[in-house]
Structure formats: structure tokens, C-alpha cells
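Everything on this sheet refers to the single structure shown next.
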Amino acid sequence: MAEDFLKADPLKFIGVGVLGLAIPIFFPALRPQLAALMKAGAKLALEAEFDADDALADGLVDTAVNALLHVSAQASEQELCHRSEATVNRFLATARASAARRGWDQQDVAHRYHKRLVKLDHAISRAHPGARAPQRTALEHASKLLKKHHAVSERRLLDASRGNLTASGAKLDAHGRG
């Protein structure tokens, strides 16, 4: 819904803005109610955004874990590792794109990406005890790969919180050069 509103005709934005400014001017008694209404609307919009982002992340994690669990019992360890690596790489690419698409700024993008990695790591840990031997091999390999990306993600999250990342995610030096 928010995307539809943002894609709307600029005249609609102007109209909503004028209306938002005109109501308190012409009806001063409605100022407190309008402020409360705007605050409640913003709170609902943020809650919906976070719920939608969590649902997207959960779906992405479920897809990756299911792919890791659907391995053949006859596959060699090398095949299992290769398939596991492909699954993790798909997950990472999709998680990175999703975080970049939904993030408000570099810090938010880094936080969303990191959150997706943590969710997958927890899901792999939960799936491990009930897995058969080939599935455990695939899950363990995926976990090893994910730990490498997890460390990089934590550094990027820290750098973004300090304001040391560019829009592309490249790290800046002390002089602001990439």
C-alpha cells in the first residue's frame, strides 16, 4: 500500500499536504485529535512494515532450510557441500537484495541483512538435531559458510552504525574515501 502511495501522482501528494496543513489552520480545535491521529497512523505503518519484513525474512529462511534438507541420501559429501554452498549463496544474494530494497539507509540495510543471517543460523541450528546424516552434512557446511558471512555482516553493521559505509556498502577510510 505504501509503495502504491509513493508511486501516486504528485498532485495527490500536494493535495494531501495542503489538506494536512489546512485542517489545523481552519479548525484549531482539531489540532490535538489530528496530532494523535497522525501519531497512531505512523505507529501502525511502522508496525506493519516490521511485520512484513519479518514475514519476508522468515519465508526466505524457510526456503533455504528446506533446500538444505532436501538432499539425496546417495549424494557424495562433495555434492552435498556444493549444493549447500549454492543454497547459501542464493540465500545471501536474496537477503542482500531484500535488505537493500527495504532498508531506509545504510545502517538499516546492514541491520536487516544481519537479521536475516541470524535467522538462518538459528533455523539451521534447530534443524540439525532431527536431520539424517546427509542432511546434517549439508547443514554443517551451510553453517560454516554462514559464519564467515556473519562476521562480515557484523563488521558492516558496526561500520554502518558509525557512518563509515557508502551507498554501495563499501567501507570508507578515516578521510571519507572509499
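Figures for the structure shown
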{"quantity": "Verdict on Asp58 being surrounded by fewer than 18 Cβ atoms within 10 Å (Cβ to Cβ) and more than 21 Å from Arg136 (Cβ to Cβ)", "calculated": "yes"}
{"quantity": "Test result for Val61, modelled with pLDDT of 90 or more and in contact with a Leu (Cβ under 6 Å, 6 or more places away or on another chain)", "calculated": "yes"}
{"quantity": "Residues being part of a helix (DSSP H, G or I) and open to solvent by 40 Å² or more (accessible area, probe 1.4 Å) - total across the range 119-136", "calculated": "6"}
{"quantity": "Members of the range 4-47 that are modelled with pLDDT under 70 and not in a helix (DSSP H, G or I)", "calculated": "Lys7, Ala8, Asp9"}
{"quantity": "Residue among Ala160, Ala99, Ala131, Ala142 that is among the aliphatic types (A, V, I, L, M), out of contact with any Lys or Arg (no Cβ under 9 Å at 6 or more places or on another chain) and free of Cβ contacts under 8 Å to residues at least 60 places away in the same chain", "calculated": "Ala160"}
{"quantity": "Qualifying positions in the range 77-110 - out of contact with any helix residue (DSSP H, G or I) (no Cβ under 9 Å at 6 or more places or on another chain), open to solvent by less than 70 Å² (accessible area, probe 1.4 Å) and not aliphatic (A, V, I, L, M)", "calculated": "none"}
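The values are calculated or read from the model by the stated rules, or taken from the named source; none is laboratory data. These numbers come from a predicted model, not from an experiment. Here the Cβ is made from the backbone with ideal geometry for all residues, glycine too, and neighbour counts use every protein chain on show. Accessible surface is based on the protein model in full, side chains and every heavy atom, while ligands, DNA and RNA are left aside. Shrake-Rupley method; radii C 1.70, N 1.55, O 1.52, S 1.80 Å.
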